[in-house]
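Peer 1: Shown below is the structure under consideration.
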Amino acid sequence: MDTLADSEIRIYRALPGTDTGTDADPVQTEIVRHSLNSAANQMKRTLIRTSFSPVIYEVLDFAAALYDTKVRLLAQAPSIPLFMGTLNFCVEAAVEGSGGVDNLEPGDVILYNWPFGTGSHAQDTAMIQPVFTDDGTLVGYSAIKAHWLDIGAIAPYCTDTKDVFQEGTFFPGVKLYRGGKLVDDIHRFVLANSRMPAFVAGDILAQATAVSIGARNLVRIVDRYGLEVFRNTVERIFDHGEATVRSYFEKIPDGRYVGHGMMDNNGVDDKPIPFNVIVEVRGSSVRVDFTNSPEVQPGPVNCPVASTVSASRVAITMLAGGNQAPCDGHFRPVEIVTRRNSMFDPNPPAPCFLYGWPAMQSMEVIYHAMSKVNPETVPACSGGDLCALVWWGTRQDTGEMWGDGSPFPVGHGGSISGDGSTMMHAAEAATRFASMEVMESKFPWVVEQCQFVQDSCGAGKYRGGMGYDLGFELLEDAYCTPTLERTRTRPWGLAGGGEARANSGTLRYPDGRVEAFTKATGLPVPKGAVLTIHAGGGGGYGPPEQRASEEVEADLKEGYITEAFAREHYGNL
Amino acid sequence: MKRVATDVGGTFTDLVHFDPEAAPGSSIVCAKVDSTPPGFEHGVMNALAKTQIRGEDMDFFVHGSTIIINTLTERKGVKTALITTRGFRDVLEIARGNRPDLFNFRYRKPEPLVPRYLRREVTERIDYKGNVLTPLKTGELRPLVDELRVEGVDAIAVCFLHAYRNPDHELAAVREIQRLWPEVAVIASHVLSREWREYERTNTTAAAASVQPVAYGYLSGLEASLADRGFSKSAYVMLSNGGIDTFAAVRNKGITMVESGPAAGVFGAATLGRLTGTQNLITLDIGGTTAKCSLIENGRVRLTNKYVLERTPRYAGYPLLVPVVDIVEIGNGGGSIAWLDDAGKLRVGPRSAGADPGPAAYGRGGKDFTTTDAHLLTGRIDPGHFLGGEIKVDLDAMNEAAGRLCKVMNVSREELARGVIRIANNNMVNALKLVSLNRGYDPRDFSLVVFGGGGGLHGTDLARTLQIPEVIVPVNASVFSCWGMMQTDLRRDRIVSVPLVLAVTNASEVDTTFRKLEMQLRAELESDRVDTAGLGFQRMLDMRYEGQEHTVKVDVPDRLINAEVVEQIQEKFRDDYEREYSYRLSSQIEVVNFHVAAVVPVEQVMPAKPGKTGRGVKDCIRSERQVDFGPLDVHRCAIYERALLEPGMLIEAPAIIDEPDTTIVVDSGRARVDDFGNIRIEV
């Protein structure tokens, strides 16, 4: 990565292509590309199948990727898109933190989780293994960043931290494995800082196994094709990604397009935070400009720059990447500009536990900007959140601490290609929510309902996806950290489409009292209480009066909408 | 025992008849006729007529069909309703919320198999231990059933939360529905699956209900037609779990035959292995649209209970919790289309030209260059004998299709064809790796069995890349599935989630659980009037380290499980786990599912060995031509006629062996014809 910096403004660009002088065989290139993707997928599979936490094996809250020696993305397993573009920052920072490239040995695994390097909160811990061939040549890096259940913070999940040191324990690039051997001192130190050491110990092993499998496969590929052929084909792979994105932006008229977003609050003060992102298209290049961002926030909604860059790249890849898994080349036409010590580029020790929420929203704000020039290319706004709940408590019978966290789907915006669905936010596309039968067997609650709510979608020629209610009745006392965002702003419609229901949460106490919640750290939920999230719908696309009457009738028959809603938005039936 | 196996596909209906008392050389009779949708049983009857097989010529009839999978993928099932726990009717539509096509923000989820207005709720609730929290309000069913009757529903799926643990409410609801409306087809989730995960189980039940009347009508019709022909013995259906079961049993559980054809192919390979003493096999079945592969270790076929209909890397598909032979399928077959992506890069598949219009060379209006066209262009397939001479190759159409790509890529037609074959091979290598290397198996310990129309064209190249020492092209490769079915054992699987810690102290609980399952299976078979002489059980446990989620299936011995056996099982799990994931832990081991397969063996077919006329191998050469073997260069080589080959013959590379519906490329090493007529190539 190439960083141009002056005192105030930082510009991020991917490294430009290098001409290797030789032209790699296109078929060979395709074969190497496939092999690299297959290697990354195997890392993912290993981690899923050997991990100990639902947040990894069910929610898939991680990213796994392979990088070359210049830390350019070679291949990435389909996992959380928002993590995708941050792993190169992690590799660079981890290598630097542990003493630089010259200090690396075969079999080393570096642990790194400093938020201003990873782009994430402390729990998202990167493991990086430098990859050496048998003759000792460094050929790249195998990397996984995964969510650990707990690594110390004022609570297992936080919404109101005031600086980063309240958010966890930090590993600034330390070797967990040295020359293939576990460094016991580090391992014990890590586990001593977790409320749930057994889970974390299991996941560490799974993560280390998965990065080493990635490393082994990368060596196999290099051995098979030879280092020179490998390097040439990699250049071709990057060129191809670049060409795909450029061919998209060439067709977009040059100009500056502004998208608007709004955070509910920063978790500490209860004031809405409006922000905008400017997307500037020039020829086949695009610049995503965050310099207008709000000041750094006193609460944890600051987004370290790695995730700002990642969110922008994911948004652009979804728009222009030809529906391919991205590599470093896709990022070459994209320039990201931030202003130092702002919400989208905070300096330490700014709190950033909820970094993902502004990052996630910025993706949709980028689409909002693009809709100004070309609404057909993007969907209307989604519920705009993960509606995540993090739980913990002490089991009555065993006295053991338990914990779990899960994101939940939201309604998605309608688009030119049809009605929206109800699914995970695009930033977390690969994740899924856990089975209720499985959850009930592990945690002390009974799920009361999981059903769509009538009229929660935005009306439109193509309506938004449905919002729904999901309620948990507690069988034992527990604590919950809900992280609801976009509760004050309804999902926008596009091209004349209507707004949808916004997210909200309610807690019904055993005595019948009902209280609303949005973000809260460690909300006590007593036995017998029912905690419900009311997930938002998706905005509509296109004028509702253009919706085909048989579609409106079908929505009525299916019970997605009421007759009152139909009359209000679709006119005479 | 005279046996007949028939396999109905979308295009062809295959038949194999085996008569052990017939003269050597005529003990096996094969036929291929057109399938006859929608009344597929007519195709079966046509095949019997063509081969002049009468009812009394059959002691044993086994049948496989794609009818269920086609009904599902074409959404031609009956109008189906779902009855589920109050508060949860939208589980089927919300699903798991995932969107595997990560970079497509317009991703569309699979449409729910039951529309919302036919998804109904009743008051009831059971917890994860099987305790009743809220009793079933049976009275709510009457108005609900009346409404569904008015809607014209033909089938009802019943799925309640935690019914895998306690099916009482489902049983009571089904009884009540049947009482109120005896004509409607109704199926409950616990009958199909005793595993947790409500979305997956609900979807399985909905899919099963929607095909149940179809399966019932189809199998009843076929049974009647067979009876008309004078058949009075046992008729069986090939199931996805690689076993067969009676028409009577399958009629009410049609979903269990969803992958009937591919499963038969894998079992055919296992049988071939048994016959020829090759216990470790990787199977590869290359058809027109896809390639399917599977791995057989020590003669054992692997099953999965995580089958997902229509899943691709970019589409979540429909999970079906029924045991299915573990097959990896990729979108690369003979009809796979070569194309250039937005940035001008060559790709092959997954889009296929299918049978209609087919590859450009068919001359039926196909404009796209396909893998088959590449084989023709390189001379691997003989243009003069394309599909046994049934189709005259349209060279102009083929060259035109190639030309379009060549122009953009700036390469010659020959280079294009080589490239297409290499990319197709690489896609298949990745699929083969998924069933072997990625699971800790070393391909060097296996033989590659190839069948389907395209197997012989790609086998040797793939084997070389993966260092598989031998490729086997079985005799009658194009009706291989029938061959497999004919010798498949009767098999029923039962998988039950009973989570427990596997410790020596609960050896007796493990033992009791297995025995209880076995007793249930035996009773069920007996009540279905299956002859249980020879009945045996295969026991498996889905296990994991305590705290993990994903399991590894481990074989368990079929004897009294005491402390010592538990220790053996623990060790076996740690070994299997280490082979797959490269480490072992000393921590506790959990059992999630008990899995028992009841197997009633079927007498094995021993085909007569073909005779020898003393013909020389040179006499089997039909012609000679230039063939482009890609990385192994262009050679002028002999074209052999497979029908003329006899056991013991050796053919040195480079050579081509031709059959009417397939071509075998021998580009390195040498091919040998074994005692049964199979071609075995040492690469």
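For (1) surrounded by fewer than 22 Cβ atoms within 10 Å (Cβ to Cβ); (2) facing another protein chain (nearest Cβ under 8 Å), each residue gets a yes or a no:
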residue	(1), (2)
B:Arg75	yes, no
B:Lys79	yes, no
B:Leu82	no, no
B:Arg96	yes, yes
B:Phe103	no, yes
B:Glu111	yes, no
B:Pro115	yes, yes
B:Glu121	yes, no
B:Glu124	no, no
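Peer 1: Within region A:175-193, is there a residue that is under 26 Å from A:Trp357 (Cα atoms) and in contact with a helix residue (DSSP H, G or I) (Cβ under 8 Å, 6 or more places away or on another chain)?
Peer 2: There is no residue in region A:175-193 that is under 26 Å from A:Trp357 (Cα atoms) and in contact with a helix residue (DSSP H, G or I) (Cβ under 8 Å, 6 or more places away or on another chain).
Peer 1: If you check A:Arg49 against the conditions, is it within 11 Å of chain B (Cβ to nearest Cβ) and either hydrophobic (A, V, I, L, M, F, W, C) or at negative phi (or both)?
Peer 2: Numbers: within 11 Å of chain B (Cβ to nearest Cβ): yes; either hydrophobic (A, V, I, L, M, F, W, C) or at negative phi (or both): yes.
The answer is yes for A:Arg49.
Peer 1: Among B:Leu219, B:Leu284, B:Leu226, which is aliphatic (A, V, I, L, M), buried (at least 23 other Cβ atoms within 10 Å of the Cβ), outside any helix (DSSP H, G or I) and modelled with pLDDT of 90 or more? Before the answer, list the steps.
Peer 2: Values: B:Leu219 fails: outside any helix (DSSP H, G or I); B:Leu226 fails: outside any helix (DSSP H, G or I).
Exactly one residue qualifies, and that residue is B:Leu284.
Peer 1: Inspect all residues belonging to region A:518-527 and state whether any of them is surrounded by 16 or more Cβ atoms within 10 Å (Cβ to Cβ), of a type outside the set (D, E, K, R), over 27 Å from the mean Cα position of the chain (by Cα) and over 25 Å from A:Lys442 (Cα atoms).
Peer 2: Scanning region A:518-527 turns up no residue that is surrounded by 16 or more Cβ atoms within 10 Å (Cβ to Cβ), of a type outside the set (D, E, K, R), over 27 Å from the mean Cα position of the chain (by Cα) and over 25 Å from A:Lys442 (Cα atoms).
Matching residues to (1) more than 14 Å from chain A (Cβ to nearest Cβ); (2) surrounded by fewer than 17 Cβ atoms within 10 Å (Cβ to Cβ):
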position	(1), (2)
B:Thr551	no, no
B:Val554	yes, no
B:Ala563	yes, yes
B:Tyr581	no, no
B:Phe594	yes, no
B:Val605	yes, no
B:Ala608	yes, yes
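Peer 1: Let me ask something else about it. Could we say that A:Pro379 is surrounded by fewer than 24 Cβ atoms within 10 Å (Cβ to Cβ) and outside any helix (DSSP H, G or I) here? Steps first, answer last, please.
Peer 2: Working: surrounded by fewer than 24 Cβ atoms within 10 Å (Cβ to Cβ): no; outside any helix (DSSP H, G or I): yes.
No.
Peer 1: Then there's this: Give the residue, chosen from B:Gln548, B:Gln538, that is within 22 Å of B:Leu303 (Cα to Cα), assigned by TED's automatic domain parsing to the domain that holds B:Arg494 and part of a loop (DSSP other than H, G, I, E, B). Write out each step before concluding.
Peer 2: Values: B:Gln538 fails: part of a loop (DSSP other than H, G, I, E, B).
Going through B:Gln548, B:Gln538 in turn, just one is within 22 Å of B:Leu303 (Cα to Cα), assigned by TED's automatic domain parsing to the domain that holds B:Arg494 and part of a loop (DSSP other than H, G, I, E, B): B:Gln548.
Here is a yes/no grid of residues against (1) under 25 Å from A:Ser371 (Cα atoms); (2) within 14 Å of another protein chain (Cβ to nearest Cβ); (3) of a type in the set (Asp, Glu):
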position	(1), (2), (3)
A:Glu242	yes, yes, yes
A:Arg246	yes, yes, no
A:Val258	yes, no, no
A:Pro274	yes, no, no
A:Ser307	yes, no, no
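Peer 1: A follow-up question, please. Where in region B:408-486 are the helices (runs of 4 or more DSSP H), entirely inside, with at least 3 residues that are assigned by TED's automatic domain parsing to the domain that holds B:Phe60, among the aromatic types (Phe, Trp, Tyr) and touching a strand residue (DSSP E or B) at 6+ places or on another chain (Cβ under 7 Å)?
Peer 2: Details: elements: B:413-435, B:455-466, B:480-486.
Output list is empty.
Peer 1: Next question, about the same structure. Can B:Gly334 be described as more than 14 Å from every other protein chain (Cβ to nearest Cβ), in contact with a Gly (Cβ under 7 Å, 6 or more places away or on another chain), crowded, with 21+ Cβ neighbours inside 10 Å and in contact (Cβ under 8 Å) with a residue 40 or more places away in the chain? Break it down into steps so the answer makes sense when it comes.
Peer 2: On the way: more than 14 Å from every other protein chain (Cβ to nearest Cβ): yes; in contact with a Gly (Cβ under 7 Å, 6 or more places away or on another chain): yes; crowded, with 21+ Cβ neighbours inside 10 Å: yes; in contact (Cβ under 8 Å) with a residue 40 or more places away in the chain: yes.
When the stated conditions are applied, B:Gly334 passes them.
Peer 1: Can B:Val530 be described as touching a residue at least 40 places away in the same chain (Cβ under 8 Å) and surrounded by 18 or more Cβ atoms within 10 Å (Cβ to Cβ)? Lay out the reasoning, then the answer.
Peer 2: Numbers: touching a residue at least 40 places away in the same chain (Cβ under 8 Å): yes; surrounded by 18 or more Cβ atoms within 10 Å (Cβ to Cβ): yes.
Yes, satisfied.
Peer 1: Ok, one more. Quick one: B:Phe573 ticks every box in (1) over 31 Å from the mean Cα position of the chain (by Cα); (2) modelled with pLDDT of 90 or more; (3) over 30 Å from B:Thr532 (Cβ atoms) bar one, so which box is it?
Peer 2: (1)
Peer 1: Taking the options B:Ala235, B:Ala157, B:Ala207, name whichever one is hydrophobic (A, V, I, L, M, F, W, C) and in a helix (DSSP H, G or I). Before the answer, list the steps.
Peer 2: Values: B:Ala235 fails: in a helix (DSSP H, G or I); B:Ala157 fails: in a helix (DSSP H, G or I).
Among B:Ala235, B:Ala157, B:Ala207, only B:Ala207 is hydrophobic (A, V, I, L, M, F, W, C) and in a helix (DSSP H, G or I).
Peer 1: Continuing with the same structure: Please go through region B:289-320 and give me each residue that is of a type outside the set (A, V, I, L, M, F, W, C), within 13 Å of the chain's Cα centre (by Cα) and assigned to a strand (DSSP E or B), ordered by number.
Peer 2: Result: B:Lys292, B:Ser294, B:Thr304, B:Tyr307.
Peer 1: Looking only at region A:466-482, which residues are assigned to a loop (DSSP other than H, G, I, E, B), within 11 Å of another protein chain (Cβ to nearest Cβ) and of a type in the set (D, E, K, R)?
Peer 2: None - no residue of region A:466-482 is assigned to a loop (DSSP other than H, G, I, E, B), within 11 Å of another protein chain (Cβ to nearest Cβ) and of a type in the set (D, E, K, R), so the list stays empty.
Peer 1: Okay, moving on. I'd like to check something: does region B:554-568 contain any residue that is outside the structural domain of B:Lys233 (by TED's automatic domain parsing), in contact (Cβ under 8 Å) with a residue 40 or more places away in the chain and under 29 Å from the mean Cα position of the chain (by Cα)?
Peer 2: Looking through region B:554-568, at least one residue is outside the structural domain of B:Lys233 (by TED's automatic domain parsing), in contact (Cβ under 8 Å) with a residue 40 or more places away in the chain and under 29 Å from the mean Cα position of the chain (by Cα).
Peer 1: State which residue is farthest from B:Val498 (Cα to Cα) when the search covers only region A:431-446 and only residues that are at pLDDT below 90 and within 7 Å of chain B (Cβ to nearest Cβ). Break it down stepwise before answering.
Peer 2: So the first thing to find is which residues in region A:431-446 are at pLDDT below 90, and the list is A:431-435, A:438-439, A:441-442.
Applying the additional criterion that residues be within 7 Å of chain B (Cβ to nearest Cβ) yields A:431-433, A:435, A:438, A:441.
Working: A:Thr431: 27, A:Arg432: 25, A:Phe433: 23, A:Ser435: 17, A:Val438: 13, A:Ser441: 12 Å.
Step by step, filter region A:431-446, then rank; the result is A:Thr431.
Peer 1: Of B:Arg99, B:Arg116, which residue is on the phi < 0 side of the Ramachandran plot, assigned by TED's automatic domain parsing to the domain that holds B:Ala185 and in contact with a strand residue (DSSP E or B) (Cβ under 7 Å, 6 or more places away or on another chain)?
Peer 2: Details: B:Arg116 fails: in contact with a strand residue (DSSP E or B) (Cβ under 7 Å, 6 or more places away or on another chain).
One residue alone meets the criteria, B:Arg99.
Peer 1: Taking region A:239-257 on its own, how many of its residues are part of a helix (DSSP H, G or I) and in contact with a Lys or Arg (Cβ under 7 Å, 6 or more places away or on another chain)? I'd like the intermediate steps shown before the answer.
Peer 2: Here is the first cut: in region A:239-257, the ones part of a helix (DSSP H, G or I) are A:239-250.
Remaining after also requiring in contact with a Lys or Arg (Cβ under 7 Å, 6 or more places away or on another chain): A:240, A:242.
Total meeting the criteria: 2.
Peer 1: Tell me which residues, restricted to region A:67-105, are assigned to a loop (DSSP other than H, G, I, E, B) and over 25 Å from A:His34 (Cα atoms).
Peer 2: Looking only at region A:67-105, we keep the residues that are assigned to a loop (DSSP other than H, G, I, E, B), and these are A:68-72, A:77-80, A:85-86, A:98-100, A:104-105.
Result: A:Ser98, A:Gly99, A:Gly100, A:Leu104, A:Glu105.
Peer 1: Of everything in region B:623-632, what is modelled with pLDDT of 90 or more and either surrounded by fewer than 17 Cβ atoms within 10 Å (Cβ to Cβ) or under 30 Å from B:Leu192 (Cβ atoms) (or both)? Give them in sequence order.
Peer 2: Of the residues in region B:623-632, the ones modelled with pLDDT of 90 or more are B:623-629.
Scanning region B:623-632 gives B:Ser623, B:Glu624, B:Arg625, B:Gln626.
Peer 1: Inside region B:463-481, can you point out the residues that are of a type outside the set (S, T, N, Q), farther than 22 Å from B:Ile639 by Cβ and modelled with pLDDT of 85 or more?
Peer 2: Looking only at region B:463-481, we keep the residues that are of a type outside the set (S, T, N, Q), and these are B:463-464, B:466, B:468-475, B:477, B:479-480.
Filter again for farther than 22 Å from B:Ile639 by Cβ, leaving B:466, B:468-470, B:479-480.
Scanning region B:463-481 gives B:Leu466, B:Ile468, B:Pro469, B:Glu470.
Peer 1: Would you confirm, using the coordinates I've provided, whether A:Gly418 is within 8 Å of chain B (Cβ to nearest Cβ), surrounded by fewer than 23 Cβ atoms within 10 Å (Cβ to Cβ) and on the phi > 0 side of the Ramachandran plot? Break it down stepwise before answering.
Peer 2: On the way: within 8 Å of chain B (Cβ to nearest Cβ): yes; surrounded by fewer than 23 Cβ atoms within 10 Å (Cβ to Cβ): yes; on the phi > 0 side of the Ramachandran plot: yes.
So A:Gly418 fits the description; yes.
Peer 1: A further question follows. Would you be able to tell me the number of residues in region B:337-381 that are in contact with an Asp or Glu (Cβ under 7 Å, 6 or more places away or on another chain), surrounded by 18 or more Cβ atoms within 10 Å (Cβ to Cβ), small (Gly, Ala, Ser) and in a loop (DSSP other than H, G, I, E, B)?
Peer 2: Going through region B:337-381 one residue at a time, the tally reaches 2.
Peer 1: Limited to region A:553-571, what total is found for residues that are surrounded by fewer than 19 Cβ atoms within 10 Å (Cβ to Cβ) and within 10 Å of another protein chain (Cβ to nearest Cβ)?
Peer 2: Residues of region A:553-571 that are surrounded by fewer than 19 Cβ atoms within 10 Å (Cβ to Cβ), as a first pass: A:553-554, A:556-559, A:562-564, A:567-568, A:571.
With the extra rule that they be within 10 Å of another protein chain (Cβ to nearest Cβ), the set shrinks to A:554, A:556-559.
Residues in region A:553-571 being surrounded by fewer than 19 Cβ atoms within 10 Å (Cβ to Cβ) and within 10 Å of another protein chain (Cβ to nearest Cβ): 5 in total.
The values are calculated or read from the model by the stated rules, or taken from the named source; none is laboratory data. Remember, it's a predicted structure, so these values are computed and weren't measured experimentally. Glycine also receives a Cβ, built like all others from the backbone with ideal geometry; neighbour counts cover every protein chain displayed.
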